[in-house]
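Below is one structure, written out as structure tokens; comments come after it.
Read-outs throughout are calculated quantities, based only on the coordinates presented, and are distinct from any laboratory measurement. For clarity, every value in this text was computed on a predicted model and none was experimentally measured. Positions of Cβ are generated from backbone atoms using ideal geometry, with glycine treated the same way; all protein chains shown enter the neighbour counts.
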Amino acid sequence: METPITVKRAAIVLTMLSVVLGAGTIAFEQELHEGWLRSFYRAVATASLAGLDTAPQGTAAILTTMALFLAGVAIFGYVASVIVEVIARDVLTGVLVERRRRRAIEALHDHFIICGYGRVGRRVAEEFRRSGIRYVVLDFSEYAIAAAEADNELLVRGNGTEDEDLLSAGLMRARGLVAATDDDADNLYISLSARAARPDLLIVARGSDEEAMKKLKLAGADRVVMPFAIAGRVMASLVAKPQVAAFLDIESGGADPDFLFDPIDFSAAGRTIGELRVHDETGAAIIAVQKRGGELETKPSKDLALEPGDVLVGVGTADEIRALEEMFGVREPVGS
């Protein structure tokens, strides 16, 4: 929408300038008989407000000079107004966009903060978008900012290691934080700062190796993910144990992006997994149970008794997970 307006106004200016210079050249030639080139030169010098060192002879020539001078003032004034309008519009547009972005971030509650919008951070954001989870991106590199803006992300330009930038991303209202930068030291500082400000915050951090994982957990990270280690294990398993390839594809999102895992808080007591008939009712399957004491049952039997505070890990399609959540009265999907 901007280009046609600019071209139209440029055409108006060129037309006005051509008319003024053409009329001035003809008038000076008729009045002063100096030749077409000198007449054109006099018209250009007058209309451009440069002026000449000699005054024209004759009343008609003086009146023509004055008319060209005023026309030149009008043309330059019009050009200046167009330039000021374009600059002001760009500035105001940027201010309005920034204000809307800031209001959207300030309105977020129970959201997640993604610190770092590199390859890992972008994948986290992609999964959040697909699951309908609210989040904001925090990064300072030009490449990451360009990528976030291209993806229309809610973006805070800043560094996750700075407390002020974390607060700008809504740290005090957030549900969790993902430290996804490619630098272990930055992820450590991010985890430390976030944990100090929010002892109850869920923090998941990216680490490069076992040593980094230990330090990140000491700094306050609840979970540490090592992408290279996970990738290595998956690739080795695919080669050494091809029979588990389908499961690994599902778990890593390689085969069916609509096949999801979801934890469900269990509140009813005195029932077993078999009595719930989860698969018959929803189509989803319970593949693990985390007891309220922290123990994890990775192969729960149908006779396993459930207690309030237990967490069921269900797997299924998006519709099956939704039915599972409705079955247990989850008003808002866990993690959303």
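Odds and ends about this structure:
- Spin-label model distance (nm) - TYR78 vs HIS279, 7 Å beyond Cα toward Cβ: 7.9 nm
- At 1.002 mPa s and 20 °C, Stokes diffusion of segment 104-173 via Kirkwood alpha-carbon radius, µm² per second: 181 µm²/s
- Judged by the mean number of other Cβ atoms found within 10 Å, the most tightly packed of the peptides 99-110, 282-293, 160-171 leads the ranking 160-171, 282-293, 99-110.
- Across all directions, the shadow cast by the convex hull of segment 62-202 built on its C-alpha atoms averages 11.4 square nanometres.
- Gained length - ARG100 relative to ALA197, 0.36 nm times residue gap less alpha-carbon distance: 32.3 nm
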